[in-house]
Every structure is written in C-alpha cells, then in structure tokens.
Amino acid sequence: MGEIGIRVEKNVPCSLADGTVLRSDVYHPDDEESYPVLMIRLPYDKETPRYYDEYLEVPRMVQAGYVVILQDVRGRFASEGDFFPFIHERRDGYEAVEWAAKLPYSNGKVGLFGMSYHGYTQFAAAVERPPSLKAIAPVMTGADLMGSFLGSEGEPHPVAKLETWVLGSMLEDQLKREGNFDKRKFHYYFENMAEWLVDAPADEWKPIKDLDPGSYYFDFMQGRLAKTFKDHVNLKGKLSEVDIPALFIGGWFDGLLAPTLEAYQTYKGKKMLWIGPWTHEEMTGRCGERFFNHAASSIGVDKSLDPTEIHIKWFDKWLKEKPMPFEKPVHLYLMGQDRWETFEEWPIQTGVKSREVYLQSQGMSQSRNGDGKLTYQPDTTETKSALKLDPNHPVPTRGGGTLIAGHASGMFDMSDIQDREDVLVYTSMELEEDLPLLGSIKASIWASSPSELLDISLRLSEVDSQGRSYNIIDSFHRKKVEKEYHPVSLEVEIGSTAYTLKKGHRIRLDIAASNAPLYDINLNNGTTTKTHTEGKSAVEYIYQGGDKASKLVLPMTR
C-alpha cells in the first residue's frame, strides 16, 4: 500500500451545548473513506510543532489509518469561552468526543491521547462515559492535578510548580485574550522566572500580582476554591468506575510519576503501563547528566520503534480490533541494567523482597564527611543528629522530577549538596554485589521539630568509585506535630524506581529540612513561605538506633 496523502483542515468549529465554539485542527487521510479518530484536547496551542511531530508524530498516525484532531480547550488560543483550570474538561470532553465521532470522515470510534494537562482531559472525558470513546492513552499525568500542583491539606506545597505553570505556560495567551498584554513587562518576569521562584510569600507572588492580579493562581494558592469545585475536578475516586481501556505511560524522572502510578492502580478498565527513563520534558533517554539506551527508539522487549508506534499498536487493538502484540501489561525500563522487562502487575510482588536498612550515627551525621552510615542491623543505643534549617539559606532543589523553571529533571551529582552542614548523610559500605531495586522505597524516620511543622526531604543516591553521588529518587514530607521537640515517626514513601546499583558502589540517603524553591520553606514558627516571609534559623533532630531506629525499606529483586 502506498503512502496515504494527508488533508489538513484548520480551526474546524465544535459547537458545545452552551453555545461555546471550540476549534480544532484536523488531519485525515486524503480520500473518501471513514476512519477512527484520535484526539488531543490541550491548553497549550494546537499550532505548536511539539504537538504535531515531537511528542507523537501526527503524520504517522494518519498514515496508520486515523483521523487526528488537535483541539484547543475552552478559553485557550483559537477556542471561545473563559478558561479556568480543570473545571470544564469533563462536560466539554464528553461533547468533544461525540462531536468527533460524527464528523464525515469518522467511523464513530474515538480515542484520546496526550500528556500532563491533556492526560487529565482524557480522564475527565472518560469519567463522563461518552459512548463513542473506545480507548485513552494518559501519559505523565494524574487524576488530581490540582493536588499535584498544590499539595493536599497538611502536605508541603510544590509552589514553584504552580508558579512555573501559570507564568510559563498559561498567562501570555490569557493576557492577550483580555487585551491586557504588556510585552515588555511580561518578558521581564518570564525571562527571569527561575530567579522569581524564590519570591515570597507565594500566595502573593509578585510576577502574577503585577501581570494579572485577578488570576485563578490566587484562588488556588489562597485556598479560595469551593468544595464543590474540588470534588468535581478530583477524579481519583471515579477512576475505579471507568472501564474504557487505558494506556498509561510514566517516566522514572517525571514529576508526575506518583500520580500516574496511583491512577494506574485505581483504574478499573483494561490497562497497560510503560515506565521509561524519561523526564516530563523529553522521552529520549537523556536524564540530566545520565543517558539511558533503548529509551527513544527500539523500546521495550518487543523493540517498538518509539512512543508513537506504541500508541498506534494500542489504538489498533481497541479501535480496529487488531491483535495486541504486547503479552504482559507492565513494561519497565530497568536502569543500571539498560534493558526493558515485562511484568504481570504493578506494584510487583513476585520475586521482590523488602529489606530493612538502618540509619546509624553517633550524632555527627552532618555532611558526607560525618559519621552517618547505612547498615543492615540497628544500633542498640539511641542517638540523635541535629538537622539545621535556616530559611534564608535553604537546601537547593536539584534533579529528580522537578517540573520548575530553571531546573532540569534527571540525575545529577549531589556531592556538593551533601557537603553542606545542614544535610545529614548516611552511606553504606561498598556493595559486594549488584543491588537491584524494583518498586516502592519506603522510610520510617524518627524526628522532632522546633515548631508545629516538621519538614523532611529524603533522597536516595548511588555513590560511584570516584565518590560522585547521583540521585535515584527523592521526596519531601511535612507533618504537623503537637509538641515541640517531641519525637514522632514519619512513615513515608520516598517513591518508586527500577534501578540497579553496581557492585563496588555505595547506597546513600541524605536528609534535609528544605528543598527550595520547589517546596515552600518552613520558617520554624508554624508558618511557611507560602503565606509568610519572616522566619528564624532552628534545628530539627533525626533519631538513630534504640527504640527510635530510623530505617529505609528497600524492594530488592532477590
């Protein structure tokens, strides 16, 4: 069969029940046949080349026998109406799917695809159950993106994520629509966004206050959202009722990996999961200072060409009833082994055993030059190490799944951060054999706080033979405590990984009380930089041994 010609129709109107017109670019085979439809509903301008041939290649999807539709959501770019994050995507998604199913070149079957916000728009449509929606492919996303941007009640707030998203991705189009775009002033803030992330308090953030004082940013940051709004846009509880087949894709260094996995586990319908050595920014295998093979092409045990081909195979199964070439539902890239493996389930139970690793110190575990160790046996004697938090000199954000301006995701050498006296460092002996980790890494950390808020940043890294320390996984936790300096145990999940540490290398945990600018900084007085600016330097304590034996729980595959 020869190459199919592609016909392009720009800004095709989709009229909603309330009279709002959404506009779509439609790419379809240049013939008189009808085909299944694949649609992406996004707030970031459907004209952007990234959505035509970078994330997935639209021409190849058309060549594979699909109509491909790129639609601006309500209130964005060419579409009419007013945009407010998340709130319209359920109803609008339902109507958009049914509109697409009735187009003259459509055969009535529709699939949705897209990542991040346009992964959420798929869940939003799916929970409304449009009859023509036959499959979805949510990538690096979550069922409660508002919670991912804000943190749930009592959790640390990833304030820089929301700041980066609103100023970096959303504000320019909105100001232009309102006839309120001051190019010089906007670009002053936009081009210096990374520096502005330290501006506090976050709920009065100067760039947005100056450019758009009525922004929904302040509704989110100042907690002015009605419960009915929160209930409507949080789809977590509803995914267990959805039975539309779903292809989930995540990245080991994506800032939305945890919500992607949570959505996958909750989801009722037929489902498949792929996790590669990817960041939110790119699916090439480049993750900061590390590069992983077989991540951009020749993907998986079946050596699929690339993510576009994986999507085509998925939709071919559910929209064209072709056989599915993938035998098992879970496809994971094993970092440190440079290969893919398939599994029957996530989380993986078969062949994985938990091993406890204890923090050990005589109270001098500050910096990597201190006495902090990781051992398989706890000390019988209880000790504690002082963990300083100076709000004016917080421990900086670096690597992992950051999703904020001026900070690359992925793996980086953390040695200089682990030289700081306000970072506690615990390192194992050299490994006598490879150490494969596969699954969720948990921690039980005993700590006490100088104020009612106890903050702990945890990071696991691999120390190589040159002494460089590369981050594997990290997380940040906050607990409200009743008494100052009263020890409490934090039972936390650091996160999920598939990473093999090499024989002769060492495993390391570092603990800090801040991770800025990604998270709001504890001011040691019961407030944070989300709402306040004045704080003081103070000391938390981390406990080791005895009745307060802090530990990691590692999922090892042997």
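The values are calculated or read from the model by the stated rules, or taken from the named source; none is laboratory data. Bear in mind the structure is a predicted one, so any value in this text is a computation, not a measurement. As a convention, Cβ positions derive from the backbone with ideal geometry for all residues, glycine included, and neighbour counts pool all protein chains shown. Side chains included, ligands, DNA and RNA excluded: accessible areas come from the protein's heavy atoms. Shrake-Rupley method; radii C 1.70, N 1.55, O 1.52, S 1.80 Å.
Please work out how much accessible surface V553 shows to a 1.4 Å probe, ignoring ligands, DNA and RNA, in Å² rounded to 10.
The accessible area comes out at roughly 40 Å².
Counting every Cα pair in the stretch 418-457, what percent are over 11 Å apart?
The calculated P(r) of the stretch 418-457 puts 80 percent of pairs beyond 11 Å.
Can you tell me the convex hull volume per residue for the stretch 360-505, based on C-alpha atoms, in Å³ to the nearest whole number?
Normalising the Cα hull of the stretch 360-505 by residue number yields 126 Å³.
Report the normalised scattering of the stretch 349-390 as log10 I(q)/I(0) at q = 0.23, 0.27, 0.28, 0.34 Å⁻¹, calculated by the Debye formula with identical scatterers on the alpha carbons.
Log-scaled intensity ratios, in q order: -0.80, -0.97, -1.01, -1.20.
Excluding residues fewer than 8 places away in the same chain, name every one of the lysines whose C-alpha is closer than 22 Å to that of K271.
K109, K134, K236, K238, K303, K313, K317, K320, K322, K328
What net charge is computed for the residues neighbouring P347, neighbours being all others with C-beta under 12 Å from the C-beta of P347, Lys and Arg scored +1, Asp and Glu -1?
-3
Determine one quarter of the surface area of the Cα convex hull of the stretch 265-388, which equals its mean projected area, and express it in nm² to one decimal.
12.0 nm²
Please label the shape of the stretch 111-232 as rounded, prolate or oblate, based on the square roots a ≥ b ≥ c of the eigenvalues of the alpha-carbon gyration tensor (a/c under 1.5 means rounded; beyond that, a/b larger than b/c means prolate, else oblate).
Cα axes put the stretch 111-232 in the prolate bin.
Give me log10 I(q)/I(0) at q = 0.14 Å⁻¹ for the stretch 1-144, Debye formula, one equal scatterer per alpha-carbon, no solvent.
Debye curve over Cα of the stretch 1-144, log10 I(q)/I(0) at q = 0.14 Å⁻¹: -0.58.
Calculated from DSSP H runs of 4 or more alone, at -39500 (n - 2.57) each and per residue, what is the 222 nm mean residue ellipticity of the chain, nearest 500?
Calculated mean residue ellipticity at 222 nm is -5000 deg cm²/dmol.
Mind grabbing the accessible area of T380 for me, 1.4 Å probe, Å², rounded to tens?
So the heavy atoms of T380 present about 130 Å² to solvent.
Once you keep just the Cα pairs under 8 angstrom separated by 6 or more residues, what percentage relative contact order results for the chain?
RCO, the chain: 13 percent.
Report the Cα centroid-to-centroid distance between the stretch 132-165 and the stretch 30-90 in angstrom, as an integer.
About 20 Å separates the Cα centre of the stretch 132-165 from the one of the stretch 30-90.
Under 28 Å Cα-Cα from K536, which lysines qualify once same-chain neighbours fewer than 8 residues away are excluded?
K161, K206, K209, K384, K388, K479, K480, K483, K548
Whenever you get a sec, line up S444, S240 from highest to lowest accessible area (probe 1.4 Å, protein heavy atoms).
So the residues, ranked largest to smallest area, are S240, S444.
Would you work out the relative contact order for the stretch 115-210, in percent, from Cα pairs under 8 angstrom that are 6 or more residues apart?
Here the relative contact order equals 20 percent.
How big is D for the stretch 217-264, in µm² s⁻¹ as a whole number, if Stokes-Einstein is applied with the Kirkwood radius of its Cα pairs at 25 °C and 0.890 mPa s?
Taking Rh from Cα pairs, D becomes 188 µm²/s.
In the neighborhood of K270, defined by Cβ-to-Cβ distances under 12 Å, what is the net charge if each Lys or Arg adds +1 and each Asp or Glu adds -1?
Taking every other residue near K270 into account, the sum is +3.
Quick one: if you take sqrt(5λ) for each eigenvalue of the C-alpha gyration tensor of the chain, what semi-axes come out, biggest first, whole angstrom?
Equivalent ellipsoid of the chain: 42, 29, 19 Å, largest first.
In angstroms, what radius of gyration and Dmax does the stretch 288-361 have, counting Cα atoms only?
Expressed in Å, the Cα Rg and Dmax of the stretch 288-361 come to 16.5, 61.
From the C-alpha coordinates alone, can you work out the Kirkwood hydrodynamic radius of the stretch 360-416, in Å?
Radius from the Kirkwood sum: 14.2 Å.
Which percent, to the nearest 5, of DSSP beta bridges fully inside the chain are antiparallel?
70 percent
Give, in nm to one decimal, the length gained when the segment between R558 and Y188 is fully stretched (0.36 nm per residue of separation minus the Cα-Cα distance).
My answer for the length gained is 127.8 nm.
Length gain on complete extension for the stretch N107 to D371, per 0.36 nm per residue less the alpha carbon to alpha carbon distance?
Separation in residues times 0.36 nm, less the Cα-Cα distance, equals 88.3 nm.
How much accessible area does E452 have with a 1.4 Å probe, in Å² rounded to the nearest 10?
Accessible area, nearest 10 Å²: 80 Å².
Less than 11 Å from a label point 7 Å out along the Cα-to-Cβ axis of M324: which backbone N atoms in the stretch 253-281 qualify, by residue?
269-273
Compute the Rg to Rh ratio over the stretch 370-452 from the alpha carbon atoms, using the Kirkwood formula for Rh, and round to two decimal places.
Here the Rg-to-Rh quotient is 0.98.
Given just the C-alpha atoms of the stretch 183-312, how large is their convex hull per residue in cubic angstrom?
Looking at the stretch 183-312, the number lands at 171 Å³ per residue.
Considering the stretch 17-88, what Rg and Dmax in Å follow from its alpha-carbon atoms?
Rg and Dmax of the stretch 17-88, Cα atoms, are 13.3, 38 Å.
Based on alpha-carbon atoms only, what is the radius of gyration of the stretch 240-330 relative to the globular estimate 2.2 N^0.38 Å?
1.12
Can you check what the net charge comes to around D72, using other residues whose Cβ is under 15 Å from the Cβ of D72 (Lys, Arg +1; Asp, Glu -1)?
That works out to -2.
Leaving out ligands, DNA and RNA, and with a 1.4 Å probe, what % of the accessible surface on the chain is carbon or sulfur?
Answer for the chain is 47 percent, counting heavy atoms of protein chains only.
Starting at 0 and stepping by 5 Å, how many percent of the alpha carbon pairs of the stretch 474-558 end up in each bin?
3, 9, 17, 22, 18, 14, 9, 6, 3, 1
Once the Cα gyration tensor of the stretch 55-110 is found, what semi-axes does its equivalent ellipsoid get, as square roots of 5 times the eigenvalues, in whole Å, sorted largest first?
Semi-axes from the Cα gyration tensor: 24, 15, 9 Å.
Give the value in nm², to one decimal: projected area of the alpha carbon convex hull of the stretch 447-502, averaged over all directions.
4.8 nm²
Give the relative contact order (percent, whole number) for the stretch 309-381; include only Cα pairs under 8 Å separated by 6+ residues.
It comes to 17 percent, rounded to a whole number.
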